[in-house]
Amino acid sequence: MIRSVIFDFDGTLVDFVESDIAVLKYVCGQANPDCAVDEFIDAAIEGIMQFHELVERKEINPLLMHHYRLSRAFVRMEMDWDDCFVDLYKSQLLKKTKAYTGVRQLLRSLPGRAKLGIITNAYNAALQRERIEASGLEQFFQEILIAGEVGIAKPDPEIFLLMSRKLNVFPEECLFIGDSIHYDIKGAHSAGMKTVLYGKSKSVSEVPDYRAEDIRELAGLLENLIVQ
Ligand SMILES: [Mg+2]
């Protein structure tokens, strides 16, 4: 019996990629209206990938992500860097953090039927809390765990088990919904939770318990899984 539904945040409840690209365009335009935007965006996205590798090797402070990626993109585009662009990026990101269409309606139907939680892997817990608040979704959740705050990250089963303890339910009574096979599905599965892979079809060798391509499918699935 499912008594708790736990969500990933970025890529599941909100579209980080879309908001990130919109903000990168804005920052690039503010810094230099003649900047080649696509090249700037590519450099900034590449910077995130490099940054994750450095964090994994424990070679950089995880809180410096946006500074790292933006300053490198500026250098690549031969634009003058200033730390104020990090603040500009963050403030614009908050403005652009919006829930996917239909998410709010889905969440509104769940409290009382299941305890709700979020587990998100962000390094910068303060900024991530602000983003969750800015999305307008915070009110629906009893517990929100941010990797940068608790010092454990998905796919470590410990962060999923911590959530089940906080919600006072057994892991096998939890349904975890996320868009990443590695971080969400494998992690939640290793903690004994049921899983839903959310988003457009990906070919996977490890199959989640359930799949939902869009919010309509997810709503239908939850309707069947949660006993009222
Ligand atoms: Mg995600």
Picking from 137, 116, the residue that is touching a Phe, Trp or Tyr at 6+ places or on another chain (Cβ under 8 Å) and not assigned by TED's automatic domain parsing to the domain that holds residue 87 would be 116
Restrict the check to segment 141-149 and report whether at least one residue is part of a helix (DSSP H, G or I), within 15 Å of the ligand (Cβ to nearest atom) and of a type in the set (Asp, Glu).
-> no
Matching option when the condition is outside the structural domain of residue 179 (by TED's automatic domain parsing) and within 16 Å of the ligand (Cβ to nearest atom), among 60, 45 | 45
Elements of type helices (runs of 4 or more DSSP H) in segment 1-83, at least 3 residues being β-branched (Val, Ile, Thr) and within 21 Å of the chain's Cα centre (by Cα) | 16-31, 37-56
Are there any pairs with C-beta distances below 7 angstrom linking a residue in segment 1-26 that is under 12 Å from residue 99 (Cα atoms) to a residue that is away from the ligand (no atom under 16 Å from the Cβ) and charged (D, E, K, R), with the two at least 6 apart or on different chains, and if so which?
-> 19/96
Unmet criterion (only one of (1) surrounded by 15 or more Cβ atoms within 10 Å (Cβ to Cβ); (2) more than 19 Å from residue 217 (Cα to Cα); (3) within 16 Å of the ligand (Cβ to nearest atom)) for residue 176 | (2)
Looking at this structure, is residue 55 over 30 Å from residue 168 (Cα atoms), away from the ligand (no atom under 16 Å from the Cβ), modelled with pLDDT of 95 or more and among the β-branched types (Val, Ile, Thr)?
-> no
What's the number of the condition residue 16 fails, among (1) more than 13 Å from the ligand (Cβ to nearest atom); (2) of a type outside the set (Ser, Thr, Tyr); (3) touching an Asp or Glu at 6+ places or on another chain (Cβ under 6 Å)?
-> (1)
Quick one: is residue 94 assigned to a helix (DSSP H, G or I) and closer than 30 Å to residue 161 by Cβ?
-> no
Specify which of the listed residues (194, 166) is crowded, with 16+ Cβ neighbours inside 10 Å and in contact (Cβ under 8 Å) with a residue 40 or more places away in the chain.
-> 194
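The values are calculated or read from the model by the stated rules, or taken from the named source; none is laboratory data. These numbers come from a predicted model, not from an experiment. For neighbour counting, all protein chains shown are included, and Cβ atoms are generated from backbone atoms with ideal geometry for every residue, glycine included.
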